[in-house]
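*Asks:* Before anything else, here's the structure in question.
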Amino acid sequence: MFLPQLLAKATKGEKLVALTCYDASFARLMVRCGIDILLVGDSLGMTVQGHLTTLPVTLEHMLYHTEAVARGASGAAFILADLPFGSYQASPEQAFAASARLLAAGANMVKLEGGAFLAPTIRFLVERGVPVCGHLGLLPQSVNRTGYAPQGRDVASANRLLEDAETLAQSGAELLVLESIPTVLAEKVTQRLTIPTIGIGAGPHCNGQVLVLQDLLGLTPKPPRFARDFLTGARSLEDAIVNYARAVREGLFPGPEHSV
């Protein structure tokens, strides 16, 4: 699946369903279950490698997992790959070099974390054919500065996030992940922008939702508030993923209990 097909779904009002994916087997399963976006997230540092944060993840790690997911998906799903910490912050040229390698590995789009300071980088990438997804709110790569607390909960930070969102979109980002921000703020961002928003802990008003696979399967020892275990009560892994996709598309997930 390529970007125009994905955006066409959002334009028709269909909720986009995303899920983290780190290997070929789950990529094949997620394609069968109708997942739109396979996010090769640097969350693999925590879920696969056992680190406490995403910071130890390298570009080489991301390339390895992106290649595996791309082989499993065989072009039937949209692959979004994270640019890991330290691979894009130094300069637009550094970001392009890393992005080019991820696209060559099979990604359809790259994702980077941060606000308006990334505008020149996003413009540089887009002008050179790299589709970009922004990420605002809780930024796991900034955990040493902010912790894992929800963001945008006061007027000043909410206004700053809204301004950052508009700047990223104007710079050429074509998707935007909103993580752990108040539902009201996520709704305002979604209404203000012409690009789709993908929420995780940001309430039901985004154009789509994403979860970490291990959270969905109930494998995380201390899951975040926004997560839901879809495996309990399901007959199989496939049923759990299908139930997640259906719940997102029907507006049943996330509920108030999964939102800030």
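*Asks:* Enumerate by residue number the trypsin sites (Lys or Arg not before Pro) in the stretch 101-175 meeting two conditions: DSSP loop (anything except H, G, I, E, B), and at most 16 other Cβ atoms within 10 Å of the site's Cβ.
*Replies:* For trypsin sites (Lys or Arg not before Pro) across the stretch 101-175 that sit outside H, G, I, E and B with at most 16 neighbouring Cβ atoms in 10 Å, the list reads Arg128, Arg153.
*Asks:* How would you rank Met62, Met1, going from fewest to most other Cβ atoms within 10 Å of each one's own Cβ?
*Replies:* Lowest to highest Cβ neighbour count: Met1, Met62.
*Asks:* Under 8 Å for C-alpha pairs, at least 6 residues apart: give me the relative contact order for the chain, rounded to a whole percent.
*Replies:* After rounding, I find 17 percent.
*Asks:* Compute a Gaussian network model of the chain, connecting alpha carbons closer than 10 Å, and tell me which residue from Ala70, Ala90, Ala24 fluctuates the most.
*Replies:* Among Ala70, Ala90, Ala24, the largest mean-square fluctuation in the Gaussian network model of the chain belongs to Ala90.
*Asks:* Among Phe226, Gly129, Ala158, whose Cα sits farthest toward the positive end of the charge dipole of the chain (+1 at Cβ of Lys/Arg, -1 at Cβ of Asp/Glu, about the Cα centre)?
*Replies:* Comparing the listed Cα positions along the dipole, Phe226 ranks first.
*Asks:* Rounded to the nearest 20 debye, what is the charge dipole size of the stretch 1-47 about its Cα centre when +1 sits on each Lys and Arg Cβ and -1 on each Asp and Glu Cβ? Write out the running numbers ahead of the final one.
*Replies:* Details: 5 positive and 4 negative charges, 46 e Å.
So the dipole magnitude of the stretch 1-47 works out to roughly 220 debye.
*Asks:* Less than 15 Å Cβ to Cβ from Leu6, Lys/Arg counted +1 and Asp/Glu -1: what total charge do the surrounding residues give?
*Replies:* Working: positive: Lys9, Lys12, Lys15, Lys111, Arg249; negative: Glu14, Asp36, Glu174.
Taking every other residue near Leu6 into account, the sum is +2.
*Asks:* While we're on this one: Which residue fluctuates most in the GNM of the chain (Cα springs below 10 Å): Met30, Met46, Met109?
*Replies:* The residue that fluctuates most here is Met46.
*Asks:* Can I ask one more? Where nothing but the Cβ of Lys and Arg (+1) and of Asp and Glu (-1) is charged, how large is the charge dipole of the chain around its Cα centre, in debye to the nearest 20?
*Replies:* With Lys and Arg at +1 and Asp and Glu at -1, about 300 debye.
*Asks:* Of the labelled options (i) 1, 7, 14, 19, 22, 19, 13, 4, 1, 0; (ii) 1, 6, 12, 16, 18, 17, 13, 9, 5, 3, 1, 0, 0; (iii) 1, 6, 13, 16, 16, 13, 10, 9, 8, 5, 3, 1, 0, 0, which one gives P(r) over Cα pairs in 5 Å bins from 0, in percent as computed for this structure?
*Replies:* Read-out taken from this structure: (i).
*Asks:* For the stretch 1-46, run through the trypsin sites (Lys or Arg not before Pro) and keep only the ones in DSSP coil with at most 10 other Cβ atoms within 10 Å of their Cβ.
*Replies:* On the way: sites: Lys9, Lys12, Lys15, Arg28, Arg32; in loops: Lys12, Lys15.
When the trypsin sites (Lys or Arg not before Pro) of the stretch 1-46 are filtered for loop state and at most 10 Cβ neighbours within 10 Å, Lys12 remain.
*Asks:* Given the options Arg235, Arg225, Arg192, which has the most mean-square fluctuation in a GNM of the chain, springs set between C-alpha atoms less than 10 angstrom apart?
*Replies:* Answer for the Gaussian network model of the chain: Arg235.
*Asks:* Across the stretch 37-42, in residue order, what do the Karplus-derived ³J(HN,Hα) couplings come to in whole Hz, using 6.51 cos²θ - 1.76 cosθ + 1.60 with θ = phi - 60° and x for Gly and Pro?
*Replies:* 10, 9, 8, 7, x, 6
*Asks:* Name the longest site-free stretch of the chain, where the excluded sites are chymotrypsin sites (Phe, Trp or Tyr not before Pro) in a DSSP loop with no more than 13 other beta-carbon atoms within 10 Å.
*Replies:* Longest stretch, sites excluded: 3-147.
*Asks:* So for the pair Leu237, Arg123, with labels modelled 7 Å out along Cα→Cβ, what separation do we get in nm?
*Replies:* Computed distance between label sites Leu237 and Arg123 equals 4.5 nm.
We did not get these values from a lab; they are worked out from the coordinates using the rules stated. Everything quoted here is computed from the prediction, not taken from an experiment. Glycine gets a Cβ as well: all are built from the backbone with ideal geometry, and neighbour counts include every protein chain shown.
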